[in-house]
Protein chains: 2
Amino acid sequence: MDQTVILKNVRPWGESATDVVIREGRIAEVGPATAMVEAQSIDGGGAILLPGLVEAHTHLDKTLYGMPWNRNSVPSNLVAKITNERNSKKRIGLDPARQSARQVALSVGHGTTHIRSHVDVDTEHGLAGVHGVMATREKYADVVDIEIVAFPQSGMLIRQGTKELMDEALSVGADVVGGLDPCSMDLDPKGHLDVVFALAEKHGKPIDIHLHEPGELGIFTTRLIIERTRAHAMAGKVTISHAFCLGHNDYLAIGRLLEQLAETGIAIMTTGPADYACPPLIRTLDAGVTVCSGSDGIRDCWGPYGNADMLERAVFLGMRNDLDRDDDILRAVEVVTTGGATVLGLEGYGVKVGDMADLVLIDGETLTEAVVSRRPRPLVMKRGKVVARDGAPLFTTE
Amino acid sequence: MDQTVILKNVRPWGESATDVVIREGRIAEVGPATAMVEAQSIDGGGAILLPGLVEAHTHLDKTLYGMPWNRNSVPSNLVAKITNERNSKKRIGLDPARQSARQVALSVGHGTTHIRSHVDVDTEHGLAGVHGVMATREKYADVVDIEIVAFPQSGMLIRQGTKELMDEALSVGADVVGGLDPCSMDLDPKGHLDVVFALAEKHGKPIDIHLHEPGELGIFTTRLIIERTRAHAMAGKVTISHAFCLGHNDYLAIGRLLEQLAETGIAIMTTGPADYACPPLIRTLDAGVTVCSGSDGIRDCWGPYGNADMLERAVFLGMRNDLDRDDDILRAVEVVTTGGATVLGLEGYGVKVGDMADLVLIDGETLTEAVVSRRPRPLVMKRGKVVARDGAPLFTTE
């Protein structure tokens, strides 16, 4: 039987200090705890207690983290980057199982307990990425939950056979149907979206579409996604990742679009990119749209940035959106916690009695101070078991 | 007499490992060093050696670092923020000497050896800020060089008496004449710039003007600054900070402006802000314009961000400007090192024989890897003396 754990002197969401009793992987009590025989007591030192951070958009299969430095000299355009990556993987010896495990260690060390990862599916590498991340998902099931999006990174229709591979990926273990720039990648928005929604219907799985298409073009594609979400009765089951078009400078058009996204329960994932127009965070949240965030690619063939720290991501969201007020910055924290949990459909996410004991402690005077300071996390817990301390995972990877 | 120091096994700018011999605060030799009696030997452990990082734009007098958390609920507009700050300083007990020292400790811990700080001069607080930062400059002269810009944060002409205070600040110890949004703050660009350039001429000092004015307005003001720089023969002695207008979406107009900035030797300071249009980094450098960078305000009445790490700033410059290639990211490193050194007019800046021994060691496989990883700096040296180790300063502040 699982041992009872008492997490003493912690501040849920930065509020007053209290104790949290954990039994069988869930929060059993919140309040002053008396010493219990047989219980393991952990001193929280007055740290802030949050539910585990949610990494809602990354690419576990592609990180080069821990491999010899990859000198990047690729031109800065999407297709050049996609082509370079597809052609480089074998040459540089990118092993999706080994690499995804390395990123998991990095993520968990920073307090992430749930990850949604897009994983490349293409006719050159087949399902190698999916099988690799599935192996990691199984091997590290005790430290993190991983959701796999079958992702047609090199296009769905322009490379024959991809559709069939996507279908197979969803049969063998992928959880979500991915898509990519229906207009600018496949040059056939109707064809692309018909395949995506048909796969979702066939497998009964949700959708998460990468949409980099800017301005009016992205707005057009978003309208097509909204229309199909309604037609397929998939409210609450569709996410648009990036949605750069929501940063388009047309206040009224964006207002109408946000209204429809809220109505159809389509969620938005934004990384808060500094170099692209992107969804205005507070406006999007105020419109009633669920927003989550993620690291996107971490030190991969695309670029060298990223460290899998979702608190740093909250800082990026804040800096991108001119959020200086404490209450605004807490909205960014909401995005990397409850926003992600909503998109991933997590049950029992939070720090209340009955919630899953997926938890992270964060040092700081106030929650905002803790976020902007991004100190190493004193403790991370998955289903009541300590999985990281002082910023470092308590498990090893290859 | 100063002791000889041998810094063994370091990689200048990430190149091959070598040794560096330091005598009398300067680099005396670069190359394999034999053991010397009387010499102190420091093992560099193969770390990358850079000249000390240059913080070319910050506000030492205003940081709240180390004070109780200041909950921010100020509306997001420039005048509201300026007014709130001016009215808050006394209430919250902001002591410019104490606070600037705290930020110095933070900066030096991250490897900064030179700082240009704008310091508020206004009719409410007079020269309190300038005297405070001057006290810090004197007290910490052995660990960092500080240049003070007399900065009319609340306007030059709209608050009578400011001009005289600026004059006094430059007489008692400020090194640079500051300015602020000649159109949008003072509503009198000619009047504002006439005062700035007259003060520079009277005191024989350089100029650094905050210019947040966007688009066409900022382009207009930039033209006025270019014209006066020519008329006053101040080539190489004028900096425009922020210059958001260079991010204006008019390719040809910006090209013409960059050409004139290069011709008149006007430097640009950009923080790489994620939430404003800003100078395109590579294009500006390629035009032959000197570019430096800085943290701007760190955890102050304006906002909570910032940690004084100029390597993190290089990452922000990279992310803002879509720099993924190694050679592009090294341009951002150039900005936080030699670019800043050029703007501050530093003599003997570098890691060659004869250069000042203002140095920082950085852990990393390659220089790019070191920058994106931003690990704690193993060692920081000022004029040949070790001033910080493992990310922490070796001196204390109040």
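The values are calculated or read from the model by the stated rules, or taken from the named source; none is laboratory data. Nothing here was measured: the structure is a model prediction, and the numbers come from that model. Counting neighbours? That spans all protein chains shown, and the Cβs are built from the backbone with ideal geometry, glycine included. The protein model used for the area step is the full one, side chains on, heavy atoms only, and it has no ligands, DNA or RNA in it. Shrake-Rupley method; radii C 1.70, N 1.55, O 1.52, S 1.80 Å.
Annotations for the structure displayed:
- Members of region B:349-384 that become less accessible by 30 Å² or more once partner protein chains are added (1.4 angstrom probe, chain alone as reference): B:E365, B:E369, B:V372, B:R374
- Result for chain B in a Gaussian network model with C-alpha springs under 10 Å: among B:H131, B:H110, B:H59, the largest mean-square fluctuation is at B:H131.
- Distance (nanometres) between label positions extended 7 Å along Cα→Cβ at B:R256 and B:E347: 4.1 nm
- For the rotational copy pair A/B, the chain A residue whose Cβ lies nearest the symmetry axis, together with its distance in Å, is A:A274, 2.
- Other residues within the sphere of radius under 14 Å centred on the Cβ of A:I219, judged by their own Cβ, net out at -4 (K and R +1, D and E -1).
- Chain B: calculated mean residue ellipticity at 222 nm from DSSP helix runs of at least 4, using -39500 (n - 2.57): -10000 deg cm²/dmol
- Under 10 Å, Cβ to Cβ, from A:K237 - net charge with Lys/Arg +1 and Asp/Glu -1: 0
- Of the trypsin sites (Lys or Arg not before Pro) in region B:67-129, the ones in a loop by DSSP (not H, G, I, E or B) with at most 16 other beta carbons within 10 Å are B:R71.
- Here each label is just a point 7 Å from Cα along the line to Cβ, and for A:Q160 and A:E263 those points are 4.2 nm apart.
- Based on alpha carbons, the Rg and Dmax found for chain A are 20.7, 66 Å.
- Shortest-first nm distances, B:R71 label point to equivalent points in other copies (7 Å, Cα→Cβ): 5.4
- Seen from every direction in turn and averaged, the convex hull around the alpha carbons of the protein assembly as shown projects onto 34.9 nm².
- Cα-centred dipole magnitude for the protein assembly as shown, charges only on beta-carbon of K, R (+1) and D, E (-1), debye, nearest 20: 500 debye
- Counting only Cβ charges, +1 for Lys and Arg and -1 for Asp and Glu, the dipole size of region A:53-344 around its Cα centre is about 640 debye.
- Amide H contacts of B:M269 (H built 1.01 Å from N, in plane; Pro and chain starts excluded): B:I240, B:S241, B:H242, B:C292 sit under 5 Å, all sequence-distant by 5 or more or on other chains.
- Available extension along the chain between B:A80 and B:S171 is 29.7 nm, counting 0.36 nm per residue and deducting the alpha carbon span.
- Percent of alpha-carbon pairs separated by more than 16 Å within region A:1-75: 63 percent
- Available extension along the chain between A:K90 and A:A17 is 21.1 nm, counting 0.36 nm per residue and deducting the alpha carbon span.
- Shortest-first distances to equivalent copies, position B:H131, nm, label 7 Å out along Cβ: 7.6
- Copies compared at B:R283 - label distances in nm, ascending, label defined 7 Å from Cα in the Cβ direction: 2.3
- In nm, spacing of pseudo-spin labels at B:R71 and A:R223 (7 Å Cα→C-beta vector): 4.5 nm
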